[in-house]
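Structure first, then comments.
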Protein chains: 2
Amino acid sequence: MRQTIITGKSRQENSAEHSWHTALMTIILLEYAENPQIDVLRVVKMLLIHDLVEIDAGDTFCYDEHAREDQHEREFQAAIRIFNLLPKDQAKQLQSLWEEFEKRQTLNARFANAIDRLQPLINNYYTHGKAWQKHKVKKHQVVTRNCLIEDGAPKLWRYASKLIEDAVMQGILPE
Amino acid sequence: MRQTIITGKSRQENSAEHSWHTALMTIILLEYAENPQIDVLRVVKMLLIHDLVEIDAGDTFCYDEHAREDQHEREFQAAIRIFNLLPKDQAKQLQSLWEEFEKRQTLNARFANAIDRLQPLINNYYTHGKAWQKHKVKKHQVVTRNCLIEDGAPKLWRYASKLIEDAVMQGILPE
């Protein structure tokens, strides 16, 4: 289970739902990629697998600085175990996709990460910021975490910024 | 919510989870496609969107013959409404993907449908056939429904057949 609330507001979202949602958003929002020459299948693959490591490592709330300290090591160990349940060639392929996503350097990884950040931001906005309030998250933390949307999709960052400003105006995200 | 039980056995699966699972299976099981020259991205897209119509039309349990009578019309109307929330070019693209999936004629659609059938079969098998028993489903119904896996992925049908035989042997699926 993730910290994000589903837009129906009844419960927290799980990683399968989040992964499906981001893969679908990739297909629909493709035209907003910084460079539309991205490899869509590669981006979709990254998003379908990017949270599999949480089977072992658990979900780390993105604004929990303490838990984030050893997150990388926990997730790296998880990736090795989980991907290596598959035959070697496939394990290698998925490990490489996951590392590309995590490093956020290639065009593909930057768009995948932009979508991965935008999806919970939209959910938080449309659930009146419940997850933000529960964890006492402030505007500057939301901006710091999400401004990398700009790296992969500058137009989507402009949209996300408007949601953040509006959330502050509405009083659902403290300044 | 679908009739299938998640492998953790605690509850029914939902359509987002099912769609994510089938998209991921497509990537992993690609080598078993009848023709490996399929367009993987197109198959993944089909599976990501194939159940969106259930937002309006609801889930029809695959062995419920009564509910299946008007299923096509309900789903067709749902597809028109839901896809047309998008700009026209995208609505047209998704409608065409969904129709291709439903018609099961192209290589891509046949593999997508094979995966869409295999996933709940695996879940039913690994949850001791609870959904089968709840709905009094018998072996011949499972075979009739799932034998089209052979159309898209003959080797996966051989695997599925073994699961069905084993389910009967174990007494979790009545002959």
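The values are calculated or read from the model by the stated rules, or taken from the named source; none is laboratory data. Source: prediction; values computed, not measured. Cβ: placed from backbone, ideal geometry, glycine included. Neighbour counts: every protein chain shown. These area figures cover heavy atoms from the full protein model, side chains too; ligands, DNA and RNA do not enter into them. Shrake-Rupley method; radii C 1.70, N 1.55, O 1.52, S 1.80 Å.
Odds and ends about this structure:
- Within a Gaussian network of chain B (alpha carbon springs, distance under 10 Å), most fluctuating of B:E17, B:E69, B:E165: B:E69
- Cα gyration tensor category, rounded, prolate or oblate, for region A:1-79 with a/c compared to 1.5: oblate
- Surface accessible to a 1.4 Å probe, B:F61 within the full protein complex, Å²: 30 Å²
- Cα convex hull of the protein assembly as shown - mean projected area over all directions, nm²: 18.0 nm²
- Using a probe of 1.4 angstrom and keeping all protein chains present, the accessible surface of region A:1-58 works out to 39 square angstrom per residue.
- 7 Å along Cα→Cβ, label-point gaps from B:N35 to other copies, nm, shortest first: 3.3
- Average Cα contact separation per residue, region A:120-169, under 8 Å, 6 or more apart, as relative contact order %: 44 percent
- Computed [θ] at 222 nm, deg cm²/dmol, chain A (DSSP H ≥ 4; -39,500 (n - 2.57); rounded to nearest 500): -20000 deg cm²/dmol
- Accessible area of A:S10 in the full protein assembly, 1.4 Å probe (Å², nearest 10): 90 Å²
- Peptide B:39-51 has a mean shielding of 3, counted as Cβ atoms of other protein chains within 10 Å of each residue's Cβ.
- Estimated translational diffusion coefficient (Stokes-Einstein, Kirkwood radius over Cα pairs, 37 °C, 0.692 mPa s) of region A:36-175: 203 µm² per second.
- Contact order for region B:1-113, expressed relative to its length and based on alpha carbon pairs under 8 Å spaced 6+ residues apart, stands at 25 percent.
- Exposure ranking of A:F83, A:F76 by accessible area [1.4 Å probe, largest first]: A:F76, A:F83
- Rounded percent of accessible protein surface that carbon and sulfur make up, the protein assembly as shown, 1.4 Å probe: 52 percent
- Axis angle, to the nearest 10 degrees, between helix B:154-170 and the longest C-alpha principal axis of chain B: 40 degrees.
- Cα-projected label distance for B:L85 with A:L85, points at 7 Å along beta-carbon direction, nm: 3.2 nm
- Inter-part distance, region B:51-75 to region A:110-164, computed on C-alpha centroids, equals 36 Å.
- Placing R0 at 35 angstrom, the Cβ-Cβ distance between B:Q133 and B:R158 gives a FRET efficiency of 0.90 after rounding to 0.05.
- Highest-fluctuation residue, B:N84, B:N124, B:N146 considered, GNM on chain B with Cα pairs under 10 Å: B:N84
- Per residue of B:17-23, other chain Cβ atoms within 10 Å of the residue Cβ number 6 on average.
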